[in-house]
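Trainee: Handing you this structure, nothing more for now.
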Amino acid sequence: VTGVQTCALPIFGLVALTAAFAPQMPVSGPAMRSGAVSMQAKSKAIPFLNAPPALDGSMAGDVGFDPLLLSNIVPLKWAREAELKHARVCMLAVAGWVAVDLGMVVPLAPKVSSLAAHDAAVDKGPMFLLLLAISVIEIGAGIPKVFQLLNDPDAAAPGDFKFDPLGLGGSMDLQEKELANGRLAMMAFSGIVTQAALTEGPFPYTN
């Protein structure tokens, strides 16, 4: 018996060693199942971050980019209204800034570069008229739109002021294009102003 036990010990040891290196099958217990369900999808824009819960891809221009999770704090349609307003202003601003520096003359405006136009308009008066016009538009259309978005978000579409003289409609494709161009314009305007201030030269502001 002792001899049999002595021979069996190395065999059992070899079996145990083999079992230690064998691949283990996962055990599907309650903890594992709940962990798999709780795993959150990753953002399309920033794959190493979790996808923002409010950005489900249903809104035009939604690429899942919200690293600060502001969409959890700010109403999404209100944020889109603000983005569209800045985008539209910057698309006009890029065209206007460059056009003036290329020689375009605006009635009643001081004949200076776009960089110097603000201070010159304040000194000579036209800035007051511009501020008055913008205030009337904002009070008459902008502020009511914001209240509508906050109080009845389902009935209001961000950026839709029922102004479509060409009858193009507001398809998802056109909304995507407007946002893409608007986001580019916001970045472009920041770059143009910075370059113009650094070089103090004419377009293309490389001097």
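Trainee: Rolling a 1.4 Å sphere over the protein heavy atoms, what is the accessible area per residue of region 71-118, to the nearest Å²? Working shown, then result.
Mentor: Numbers: 2950 Å² over 48 residues.
Here the per-residue accessible area is 61 Å².
Trainee: How would THR206, THR199 rank on accessible area, largest to smallest, probe 1.4 Å?
Mentor: Working: THR206 105, THR199 35 Å².
Order by accessible area, largest first: THR206, THR199.
Trainee: What lysines does LYS111 reach when the alpha-carbon gap must be under 18 Å and sequence neighbours fewer than 8 apart in one chain are set aside?
Mentor: Of all the lysines, those that pass the test against LYS111 - Cα under 18 Å, at least 8 places apart if same chain - are LYS124.
Trainee: Dipole magnitude of region 54-127 about its Cα centre, charges +1 at Lys/Arg Cβ and -1 at Asp/Glu Cβ only, in debye to the nearest 20? Working shown, then result.
Mentor: Details: 6 positive and 8 negative charges, 55 e Å.
Here region 54-127 has a charge dipole of around 260 debye.
Trainee: Work out how much length LEU132 to LYS44 would gain on full extension: take 0.36 nm times their residue separation and subtract the Cα-Cα distance, in nm to one decimal.
Mentor: Values: separation 88, 0.36 × 88 = 31.68 nm, distance 4.29 nm.
Here the answer is 27.4 nm.
Trainee: So, in nm, how far is label VAL89 from label MET187 when the simple model puts each one 7 Å beyond its Cα toward the Cβ?
Mentor: So the two model labels end up 2.1 nm from each other.
Trainee: For region 122-207, with all protein chains present and a 1.4 Å probe, just round the carbon and sulfur fraction of the accessible area to a whole percent. Mind showing how you got there, number by number?
Mentor: Values: 4200 of 6270 Å².
Roughly 67 percent of what the probe reaches on region 122-207 is carbon or sulfur.
Trainee: Express the accessible area of region 119-207 per residue in Å², computed with a 1.4 Å probe while the remaining protein chains stay in the model. All intermediate terms of the calculation are to be shown ahead of the outcome.
Mentor: On the way: 6400 Å² over 89 residues.
Value for region 119-207: 72 Å² per residue.
Trainee: Shifting gears a bit: Assuming a ≥ b ≥ c are the square roots of the Cα gyration tensor eigenvalues, decide whether region 54-207 counts as rounded (a/c under 1.5), prolate (otherwise, with a/b larger than b/c) or oblate.
Mentor: Values: a/c = 2.13, a/b = 1.62, b/c = 1.32.
Cα axes put region 54-207 in the prolate bin.
Trainee: Once fully extended, how much extra length lies between ALA116 and LEU198, figured as 0.36 nm per residue of separation less the alpha-carbon to alpha-carbon distance?
Mentor: Details: separation 82, 0.36 × 82 = 29.52 nm, distance 1.30 nm.
Full extension from ALA116 to LEU198 adds 28.2 nm.
Trainee: Still on this structure: For LYS162 paired with VAL74, estimate the spin-label separation in nm (one decimal), with each label point 7 Å from Cα along the Cα-to-Cβ line.
Mentor: Computed distance between label sites LYS162 and VAL74 equals 2.7 nm.
The values are calculated or read from the model by the stated rules, or taken from the named source; none is laboratory data. Because the structure is predicted, anything quoted here is derived from the model rather than measured. Here the Cβ is made from the backbone with ideal geometry for all residues, glycine too, and neighbour counts use every protein chain on show. Accessible surface areas use protein heavy atoms only, side chains included; no ligands, DNA or RNA. Shrake-Rupley method; radii C 1.70, N 1.55, O 1.52, S 1.80 Å.
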